[in-house]
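Structure first, then comments.
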Amino acid sequence: MGYIPPDAKWYLAEIVEEFRIDGEADNIVHTNLVLIRADSPDEAYDRAIELGKPFNTTYLNPEGKTVSVTFRGLLDLNVIHDELEHGAELIYEERVAMSEEELRRWGSEKSELGVFKPRDTSHDMSNPPGGE
């Protein structure tokens, strides 16, 4: 188990949900980053699983096709080491031996960041329960 600060209260869960639409060959998979309040990693896990269960649902989309949503589990669960405030580090990723070329390509321009990209509505589920 990784280091868990003794006063840790917040965790970040990556909840995976799968969408299947009648008549469509391909599924659509969402990963949702969800903030979890818990006093231990085990409690955080249990609470994240509980948040995922309501994703299991079926509904009709505007075209009258049945959409089945299935909670597929957690992709990851991490502790947040800092207090939640502006500038708090939520999670980090470590890479070793990146070349200068890789580093130059690794960053994103402002227009490529998720909050500035145009919304892709090609797979719009029309406000699925529990979805984005």
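The values are calculated or read from the model by the stated rules, or taken from the named source; none is laboratory data. The structure presented is a predicted model; accordingly, all values stated were derived computationally and were not measured. We place every Cβ from the backbone using ideal geometry, glycine too, and count neighbours over all the protein chains shown.
Quick notes
- Selection from the stretch 9-40 of residues that are surrounded by fewer than 17 Cβ atoms within 10 Å (Cβ to Cβ) and acidic (Asp, Glu): GLU14, GLU18, ASP22, GLU24, ASP26, ASP39
- Scanning the stretch 98-120 for residues that are over 18 Å from the mean Cα position of the chain (by Cα), more than 30 Å from PRO41 (Cβ to Cβ) and aliphatic (A, V, I, L, M) yields a count of 1.
- Evaluating LEU51 against the criteria (1) farther than 26 Å from THR66 by Cα; (2) out of contact with any Phe, Trp or Tyr (no Cβ under 8 Å at 6 or more places or on another chain); (3) at pLDDT 95 or above; (4) not basic (Lys, Arg) leaves one unmet condition, (1).
- Flag if GLY23 is over 12 Å from the mean Cα position of the chain (by Cα), touching a residue at least 40 places away in the same chain (Cβ under 8 Å) and over 16 Å from THR58 (Cα atoms): no
- When the criteria are applied in full, LEU74 fails the requirement of being without any contact (Cβ under 8 Å) to a residue 60 or more places away in the chain, hydrophobic (A, V, I, L, M, F, W, C) and on the phi < 0 side of the Ramachandran plot.
- Scanning the stretch 60-98 for residues that are surrounded by 13 or more Cβ atoms within 10 Å (Cβ to Cβ) and among the basic types (Lys, Arg) returns a single hit, ARG72.
- Among strands (runs of 3 or more DSSP E) entirely within the stretch 6-119, having at least 3 residues that are β-branched (Val, Ile, Thr) singles out 10-21, 28-37, 66-79.
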